[in-house]
1. Which of the residues spanning the range 88-104 are free of Cβ contacts under 8 Å to residues at least 24 places away in the same chain and either in contact with a strand residue (DSSP E or B) (Cβ under 6 Å, 6 or more places away or on another chain) or open to solvent by less than 60 Å² (accessible area, probe 1.4 Å) (or both)?
2. Can you list residue pairs whose Cβ atoms sit under 7 Å apart, with the first residue in the range 195-210 being more than 10 Å from D255 (Cα to Cα) and the second being near the ligand (Cβ under 9 Å from one of its atoms) and part of a helix (DSSP H, G or I)? Count only pairs 6 or more apart in sequence or on different chains.
3. Taking the condition of being open to solvent by 30 Å² or more (accessible area, probe 1.4 Å), modelled with pLDDT of 95 or more and of a type in the set (S, T, N, Q), how many residues in the range 149-193 meet it?
4. If I go through the range 289-310 residue by residue, how many of them are among the acidic types (D, E) and in contact with a Pro (Cβ under 9 Å, 6 or more places away or on another chain)?
5. Quick check on my filter: what residues within the range 221-272 are near the ligand (Cβ under 10 Å from one of its atoms), within 14 Å of F203 (Cβ to Cβ) and without any contact (Cβ under 8 Å) to a residue 40 or more places away in the chain?
6. How many of the residues in the range 1-24 are open to solvent by 10 Å² or more (accessible area, probe 1.4 Å) and away from the ligand (no atom under 16 Å from the Cβ)?
7. Only one of L129, L85, L74, L112 is more than 18 Å from N189 (Cβ to Cβ) and either open to solvent by less than 20 Å² (accessible area, probe 1.4 Å) or in contact with a His (Cβ under 7 Å, 6 or more places away or on another chain) (or both). Can you tell me which?
8. Taking the residues in the range 128-152 that are within 14 Å of S96 (Cβ to Cβ) and assigned to a helix (DSSP H, G or I) as candidates, determine which candidate is farthest from the ligand (Cβ to nearest atom).
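The values are calculated or read from the model by the stated rules, or taken from the named source; none is laboratory data. These numbers come from a predicted model, not from an experiment. Cβ atoms come from the backbone with ideal geometry, glycine included; neighbour counts cover every protein chain shown. Please note that ligands, DNA and RNA were not included when accessible areas were found on the heavy atoms of the full protein model with its side chains. Shrake-Rupley method; radii C 1.70, N 1.55, O 1.52, S 1.80 Å.
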Amino acid sequence: MKLCVLGLGYIGLPTALLFAQRHKVIGVDVNKKIVEVLNSGEIPFDEPGLPELFNKVKDNFEAKTEVEDADVFLIAVPTPLDKSLKIADLKYVRTSAEMIYPYLKENNLVILESTVPPGTSERLVLPILKKGGLERFYFTHCPERAIPGNTIHEMINNDRIIGGIDEKSSEQTKTLYQSFVKGNLYLSNVRTAEFVKLMENTFRDINIALANEFAQMANENKINIWQAIEMANKHPRVNVLKPGPGVGGHCIAIDPWFLKVHSSTSKMISLAREINNSMPNYVLQIVEDLLEGISNPTITVLGVAYKGDVDDTRATPALKFIKLAENEGYKVKVHDPYVKEFEYEILNLDEAVKDSDCIVLITDHTPFKQINPEEISKLVRRRNIVDTRNLLDHERWKSEGFEIRILGNYFGSKF
Ligand code: SAJ
């Protein structure tokens, strides 16, 4: 089989390379730089295992900027949120369908992997694909569930849902994905598949918002939320997620809006989004309590990636926190061992903490656990640290004279 994969990003490229193990794959991206980087044998972003996979399948893969004839066309382009209107920006999906239809032949299969509002395949994509007059082709929506930082493993092992416009479309797609998916492949219809994908991320966003509310209520009740969550999760059917400084990434912060856009009844979705989006403000309040009365305060932000051990800063809560802090007159310095490009200069650890009045750990990068508080205490102006991810060894930092704050902000001992 020959596949044409449109969109060579965090999802499209690993998917294209996994298919290239058994099929010929043309990767298509409108970004010439990505095409050049790939054709020079490099990978344009960090993802564990991707360089090794690329080297293994190089002979079956070629990157181009234009679509060409194929048996299967797979759309894995971004579907960002139009932030001002809170609706899906489907321009890349629309463009991809426009690029495909002139090449569509009888019995071709088109797969849409991009996350879209329910009904998008039938109302937007299929009519464009039929503009060439062809009616006899197969179409499915097959959403991905691969978490950045562990994408390849999850693409191979996670179960997937395949939503076809008809039985044959679903069956054909199932056969195709069986070339690398070891997880179960569940068949359904297009709109159910679109809806299920959004349910998954909405479920997560609402449960993160609940954890964040628990943290704020724990403070009011003088309870250490992290101990309380650990205890609550001993229940066989309870899984309280982790409070944090906010929800970032290109999915969880966005997908709930795709679900809500067609609903006049939903209330929890926007409330959860509001709670999660208010967490940077909550973190800043904790900092302000610590630094009250200090003139020209400087704070250090540890981590700007949207979550631990990735270099991705899309929709990162760190950016809102930094801008809020600057608006309150704080000088902000930033350190992140993974992120290479960011709106603010990324300093090395010593420069970032030098003369700082308060360190704020925003991202749960594993290397932050190894930071030595003894060395840090010699560089800072004041020994304050807000650990929003409950990542650090608090006793060790306390023994170096640091005032520690956590989300929920109440320490309290177990007994
Ligand atoms: N977060 C918390 N508390 C938690 C869990 C996460 O504050 O308990 C924060 C993280 O720090 C991060 C954000 O939420 O800022 C999102 O992180 P994530 O790990 O939940 O999500 P993503 O965006 O990396 O990946 C999600 C996954 N979806 C689910 O777990 C339901 C992944 O399986 C999806 O494939 C991916 O979205 C996607 O592409 O849709």
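1. Restricting attention to the range 88-104, the residues satisfying the condition of being free of Cβ contacts under 8 Å to residues at least 24 places away in the same chain are 89, 91.
The answer is D89, and nothing else.
2. Going by the 7 Å Cβ cut-off, the qualifying pairs are I208/N276; A209/N276.
3. Result for the range 149-193: 9.
4. Count: 1.
5. Selection gives N239, V240, L241.
6. Residues flagged as open to solvent by 10 Å² or more (accessible area, probe 1.4 Å) and away from the ligand (no atom under 16 Å from the Cβ) within the range 1-24 amount to 6.
7. Numbers: L129 fails: more than 18 Å from N189 (Cβ to Cβ); L85 fails: either open to solvent by less than 20 Å² (accessible area, probe 1.4 Å) or in contact with a His (Cβ under 7 Å, 6 or more places away or on another chain) (or both); L112 fails: more than 18 Å from N189 (Cβ to Cβ).
That would be L74, the only listed residue that is more than 18 Å from N189 (Cβ to Cβ) and either open to solvent by less than 20 Å² (accessible area, probe 1.4 Å) or in contact with a His (Cβ under 7 Å, 6 or more places away or on another chain) (or both).
8. Step by step, filter the range 128-152, then rank; the result is K131.
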